[in-house]
Amino acid sequence: MRRWCPMADIQNLIKTINNKFTNNASTVSKIYRDEPILKTAAQMANYTPPKYREMRNLVKSSPVFYASDAAQIFYEQGKFMEDHTDDYQYHGEFQSYFPTYRYMTDQQLRGYFSWRTKVRDGIIEKTSLSFVFVYIYELLMQIGVSTAEEGFYKIKDFWQYYKDIDPKISHYIKLWLKDYVIFNGLEKHLLEDFTDIHYDHAVLTLINCHSHSVSEVFSALNTLSSYNLENSRFYKLYSDDVEHVVYHVFSELTEYYHKNRKNSICEKFFGKIAVDTYVMFNAAVFYNHEKHRDCVYEINAICKYRCKDGKWTYERFIFLKDKNKYIGELLKTIDFIMRQEYDFKSTLKVDKVIKVYQDIIQKVTRGLLEDKKKKSVPKIEIDISKLQTIRRTALETQNKLIVEDAEKIMIPEPVADRAIQADTEAQTDTEAQADTATQADAASQKDAANLSSIEYEFMKCLLYGKDYSDLIKSNGLMLSVLIDSINEKIFDIFSDTVLIFEGENPELIEDYEAELKEIIV
């Protein structure tokens, strides 16, 4: 069982122990060294190392009038305590807006520096959020680091670990890390995780859309849009078609605004590039102990930061902050009109449709559908060299048949009759040869197409713009029956229908007209 001892008894015990060691004869002749002064637990709890008092005295010598003065004092105190370590068990809390050392009690100061000592040793423990911000403020002013780049990675590594303990620090640290890179002129690749640089890249893609692919322009628009087209049911079924239309609609709008408007399409979406004042490390306690040199930090062609006489400004599009409603209207209108043109069963509701948008979207969509229709018709390629072989073979066969017919009807004649006929045959020989050649050539063409004489003549009329009505009437034919017969026979050559008969007059399919003229001459 523990017994309570009055404070007087404790003091007497300490005095007795001290006197014992002081008056001990065996210690008189020895060399004296520094000895610890015995203290009570209460005295130890309230003990403050002299370093902290010296730090506080810096405030007394620097009266505070403005917030900038407070930031300067914090910087001077931080540099004074830059290498200080402590090992104090502190279990309290510290809460303050814009926290600095001057708002901490002695115990809180010892608690903070003890926690910081562990952090520097790689031991990161949960603590008061105000302690965390004081530590970040130190690093922003490069207290405790030898280079700006080392400070960047110290902040980033701490944030990556501590955001899982307290996510509230992320909003501020991401902003301050961006400012830290710009303020200290570090490499631009360090900004990738801490800026809206992907939005800038998307805008630059739109500005230079003609040098980017269909998918790149679509992705840029959808990234910036308040209407996510990738979530559309229609897009999921016709993604390639939608991306094609989006690309060409935006391309044509770019040209339209260039020719007919004072502002570009991107200026319609994002406004003009404007210059505004900028506060580095906003909401942080920060002191720049030396004047910043004049400079321009260009993140890209549409985002620049400039320092002039210690004052910062930045240049960028006015409305490039959140998802863009103007782009959202365009993409939703594209979705709406394409569903109509495709007879899609599920429709959309839109508040209004801009006339220019409607005209261009319908034009691009209908052009795409027409191209798809043409490409759906199979393309037939005919080897013309084989047609020549067919003609030659047919001509040889025709000549043989003519010779055989002539032999069958040949009747022996008297010598006198033959002599009388010799002159006549000589005179007509040239004409006969010409007629025979013409008849043989026509027969070869007809045989090559596997058509009857009437079908052949009908195709000649269509191909060369002649009237075929007398041909149909004189042979008592039905036009539809004749066309079906021709399509069926020529199908063996083209593997497709060559004549269309949907109204009063038949039409040739344009894709096969040249090949047909090679066969039917």
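A quick yes/no check of all residues on (1) part of a helix (DSSP H, G or I); (2) surrounded by 14 or more Cβ atoms within 10 Å (Cβ to Cβ); (3) of a type outside the set (S, T, N, Q):
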{"residue": "Ala274", "(1), (2), (3)": "no, no, yes"}
{"residue": "Phe281", "(1), (2), (3)": "no, yes, yes"}
{"residue": "Val285", "(1), (2), (3)": "no, yes, yes"}
{"residue": "Glu298", "(1), (2), (3)": "no, no, yes"}
{"residue": "Thr333", "(1), (2), (3)": "yes, yes, no"}
Problem set entry | Any hit, the range 219-228, residues being farther than 25 Å from Lys355 by Cα and either in contact with a Leu (Cβ under 7 Å, 6 or more places away or on another chain) or touching a residue at least 60 places away in the same chain (Cβ under 8 Å) (or both) | no
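Filter the range 300-314 for residues that are assigned to a strand (DSSP E or B) and over 23 Å from the mean Cα position of the chain (by Cα); which is nearest to Val181 (Cα to Cα)?
Within the range 300-314, the subset assigned to a strand (DSSP E or B) is 300, 303-308, 311-314.
Okay, now just the ones that are also over 23 Å from the mean Cα position of the chain (by Cα), so 305-308, 311-314.
Values: Tyr305: 11, Arg306: 13, Cys307: 14, Lys308: 17, Lys311: 17, Trp312: 14, Thr313: 15, Tyr314: 15 Å.
Out of the qualifying residues, it is Tyr305.
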For this session: Determine whether Arg339 is surrounded by 15 or more Cβ atoms within 10 Å (Cβ to Cβ), in a helix (DSSP H, G or I) and not hydrophobic (A, V, I, L, M, F, W, C).
Result: yes
For this session: Report, ordered by the first and then the second residue, all pairs with beta carbons closer than 6 Å, sequence separation of six or more or different chains, a first member in the range 84-100 that is β-branched (Val, Ile, Thr), and a second member that is surrounded by fewer than 19 Cβ atoms within 10 Å (Cβ to Cβ).
Result: Thr85/Thr117
Exercise. All but one of (1) surrounded by fewer than 19 Cβ atoms within 10 Å (Cβ to Cβ); (2) assigned to a helix (DSSP H, G or I) hold for Asp193; which doesn't?
Worked result: (2)
Exercise. Considering the range 253-274 alone, what residues qualify as being in contact with a Lys or Arg (Cβ under 8 Å, 6 or more places away or on another chain) and modelled with pLDDT of 95 or more?
Worked result: Tyr257
For this session: Kindly list, by first and then second residue, each pair from a residue in the range 153-167 that is free of Cβ contacts under 8 Å to residues at least 40 places away in the same chain to a residue that is part of a loop (DSSP other than H, G, I, E, B) and surrounded by 12 or more Cβ atoms within 10 Å (Cβ to Cβ), limited to pairs with Cβ atoms under 6 Å and residues at least 6 apart or on different chains.
Result: Lys154/Val145; Tyr161/Ile124
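Residues checked against (1) surrounded by fewer than 18 Cβ atoms within 10 Å (Cβ to Cβ); (2) under 23 Å from Leu177 (Cβ atoms); (3) among the small types (Gly, Ala, Ser):
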| residue | (1), (2), (3) |
| --- | --- |
| Ala70 | no, no, yes |
| Gln77 | no, no, no |
| Gln107 | yes, no, no |
| Ser114 | yes, no, yes |
| Arg120 | yes, yes, no |
Problem set entry | Test set (1) closer than 23 Å to Trp312 by Cβ; (2) part of a helix (DSSP H, G or I); (3) in the same structural domain as Tyr137 (by TED's automatic domain parsing) - Val203 fails condition number | (3)
For this session: For the range 238-249, name all the residues that are touching a residue at least 60 places away in the same chain (Cβ under 8 Å) and either surrounded by 20 or more Cβ atoms within 10 Å (Cβ to Cβ) or acidic (Asp, Glu) (or both).
Result: Asp241, Val242, Val245, Val246, Val249
For this session: Search the range 495-520 for residues being part of a loop (DSSP other than H, G, I, E, B) and of a type in the set (Asp, Glu), and hand back the single one that is modelled with the lowest pLDDT.
Result: Glu502
Exercise. What's the number of the condition Lys323 fails, among (1) within 22 Å of Glu192 (Cβ to Cβ); (2) surrounded by 14 or more Cβ atoms within 10 Å (Cβ to Cβ)?
Worked result: (2)
Problem set entry | Residue within the range 198-213 that is at pLDDT below 95 and among the acidic types (Asp, Glu) present | yes
For this session: Go through the range 298-323 and count every residue that is farther than 30 Å from Tyr97 by Cβ, aromatic (Phe, Trp, Tyr) and touching a strand residue (DSSP E or B) at 6+ places or on another chain (Cβ under 7 Å).
Result: 1
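Scan the range 218-233 and give yes if some residue there is at positive phi, surrounded by fewer than 20 Cβ atoms within 10 Å (Cβ to Cβ) and not polar (S, T, N, Q), otherwise no.
First, the residues of the range 218-233 that are at positive phi: none.
Checking the range 218-233: not a single residue is at positive phi, surrounded by fewer than 20 Cβ atoms within 10 Å (Cβ to Cβ) and not polar (S, T, N, Q).
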Exercise. Is at least one residue of the range 297-318 over 24 Å from Gly185 (Cα atoms) and not assigned by TED's automatic domain parsing to the domain that holds Gln77?
Worked result: yes
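Filtering the range 113-171 down to residues that are assigned to a loop (DSSP other than H, G, I, E, B) and acidic (Asp, Glu), which residue is farthest from the chain's Cα centre (by Cα)? I'd like the intermediate steps shown before the answer.
Just the residues of the range 113-171 that are assigned to a loop (DSSP other than H, G, I, E, B), to begin with: 121-128, 141-147, 163-168.
Subsequent filtering for residues that are acidic (Asp, Glu) retains 121, 125, 164, 166.
Details: Asp121: 42, Glu125: 39, Asp164: 29, Asp166: 32 Å.
Among those residues, the one meeting the criterion is Asp121.
The values are calculated or read from the model by the stated rules, or taken from the named source; none is laboratory data. Predicted model only: the values in this text are computed from it and were never measured. Quick reminder, even Gly has a Cβ in these numbers, built from the backbone with ideal geometry, and neighbours come from all protein chains shown.
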